[in-house]
Every structure is written in structure tokens, then in C-alpha cells.
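Please read the structure below before turning to the comments.
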Amino acid sequence: TAPLEEAARSARLVVCFGGDGTILRTVRAVMASPVPILGVNLGHKGFLAELMPEDTELILKAARGEYTPVSRMMLDVSLFRGGCCVYADTALNEAVVCGTAATIQITAFGDGSKIIDYKGDGLILATPTGSTAYSLSAGGSLVEPTAENILVTPICAHDIAARPFILAPDRLVTVRADGRGKRPIWLSVDGGELIPVQSGDELRVKKSKNRAVMAHVSQKSFYDIAYEKLGEIN
């Protein structure tokens, strides 16, 4: 069996069975060859998955090429230390800067202008796709996944003025975090490994040239899926 990255180069469609984590890993694996991905949910909420395992006819329909490719923006995430990039990644959902059982000082800028400055548990920088994930739990807005925005969502801010922001897609967002010397700080991209962040480091996040392509085959709209996944439909 060929590795996914290699197989994607000649594929017309990737059918991904699993939860959101599996789909996120698949998207990142095929970034260089953005073949449409059809998610079939075997997890819990599964916002990234359009279908359930019992939707056999729709899975077969997609396999016949009867689907609409839907492009979604991603974020380039770079961590700089002393002017040098020490870590780089690409996110479909979000990049998270957070402390460990202690508040940290967070300052975020958009194109050099200060957006927020507060103490709290951390900060989420999300795409519209990621608006239904961690950002939503932290009080961020729901945004249509085909929109082009960068979401800035504080996590448990100790400042009533620290509110979520929805930015234009062409902004360069920079983040500085200070753990006051003794408090560890971490960066996680799309729920992946924890990358240590030192006080004085600068996180830079911008719209990526890479795109995720999802295969849309059902009649459900984003609103239908949002209400269904969030338990608002009886």
C-alpha cells in the first residue's frame, strides 16, 4: 500500500473514516496535492465529516465523482526565537498558545497594531473551519467554513475587555506570551504535539497558500450541520 501522500497525487477523492482528528491529519498529509476529502464520521461531534457510516448511497455517489469540491482556507503558523524560525506548521482548524494550570500574559497584534493584551489561560487563532472546534468552546463566533477570516479567541481571559475578534484574511497576526519565567507555555497546531514556547518568542500566523478541499455531497447546509451537531434539533 502506497503512503497517503504518494497515493493522493493520482487520486480523485479521498474517503476518510474517523473523527475530526483523523480528517485533520489527512488534510495535512495531502496538502501538497489537495485532492477532495470526504469525511465519514466515526467519532463524536465530527464537524469536519459530512456523512455517517450508514450514508452508503452518498459515499458511492461521491466515489462516482458526483460531489462538489469546497475549498477552505488554512493558516501558516511560525514560531520565532531570537529572529529565527524554530517551528513551522499549517493549520486547518487552529493554533493554540496556552499555559499549564496557570495564567499567562498574552499580547496579540494585527499588522503591528495591538489587538488584545490580557492575562488568561491562552489564545486561539482559528480559521472559519475551526470556529466550530476549540474556539466555539472558548466563546468564539460560529463562522461559515467557506469564509475567509482569522479568528482571535481568548481562553478564560482575566480581563472583561478581552473579547474575540474576527479579522480580515490578509492580516499578519503576531502573538507574544509571557509565563513570568516559571510558567511553561505551549503551542499546539490542530491538536497536535505540544511545542514549548519561551518568553520572548513571537508566534506569527497568516493565511496560507495551501487550501483544504472538502467533498460536499449531501443536501445539508452548514446551518443544518451546526444545529444537528450542537444538539439543537429534537
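Restricting to the chain, compute how many DSSP beta bridges are antiparallel as a %, nearest 5. Approximately 90 percent, going by the DSSP bridge assignments. In summary, the range 2-109 shows an alpha-carbon radius of gyration equal to 1.34 times the 2.2 N^0.38 Å reference for compact globular proteins. Per-residue surface analysis assigns residue 74 an accessible area of about 0 Å², computed on protein heavy atoms at 1.4 Å probe radius. On the chain, 52 percent of the accessible area sits on carbon and sulfur atoms, based on a 1.4 Å probe. The range 131-163 and the range 191-234 have Cα centres lying 11 Å from one another.
Placing unit charges on each Cβ (+1 for Lys and Arg, -1 for Asp and Glu) gives the range 1-142 a dipole about its Cα centre, and among 48, 131, 102 the Cα reaching farthest toward its positive end belongs to 102.
Each Lys and Arg adds +1 at its Cβ and each Asp and Glu adds -1 at its Cβ; summed about the Cα centre, the range 89-164 shows a dipole of about 220 debye. Note on the chain: lysine pairs with Cα distance below 22 Å, sequence gap of 8 or more or different chains, count 7.
P(r) tail for the range 87-135: Cα pairs beyond 19 Å make up 36% of the total.
The Kirkwood hydrodynamic radius of the chain, based on inverse pair distances between different Cα atoms, is 18.5 Å. For the chain, averaging the sequence separation of C-alpha pairs within contact (under 8 Å, six or more residues apart) and dividing by the residue count gives a relative contact order of 23 percent.
Size of the range 103-166 from its Cα atoms: along the principal axes, largest to smallest, the extents are 32, 26, 16 Å. Separation of the range 27-51 and the range 74-122, taken as the distance between their Cα centroids, equals 26 angstrom. Going 7 Å from the Cα of residue 224 in the Cα-to-Cβ direction, what parts of the range 38-57 have a backbone nitrogen less than 14 Å from that spot? Flagged as within label range: 50-52, 55. The magnitude of the dipole of the chain, with charges of +1 and -1 set on the Cβ of Lys/Arg and Asp/Glu and taken from the Cα centre, is near 560 debye.
The values are calculated or read from the model by the stated rules, or taken from the named source; none is laboratory data. All figures in this text were calculated on a predicted structure; none of them were measured in a lab. Counting neighbours? That spans all protein chains shown, and the Cβs are built from the backbone with ideal geometry, glycine included. Keep in mind that these areas ignore ligands, DNA and RNA; they rest on the heavy atoms of the full protein, side chains included. Shrake-Rupley method; radii C 1.70, N 1.55, O 1.52, S 1.80 Å.
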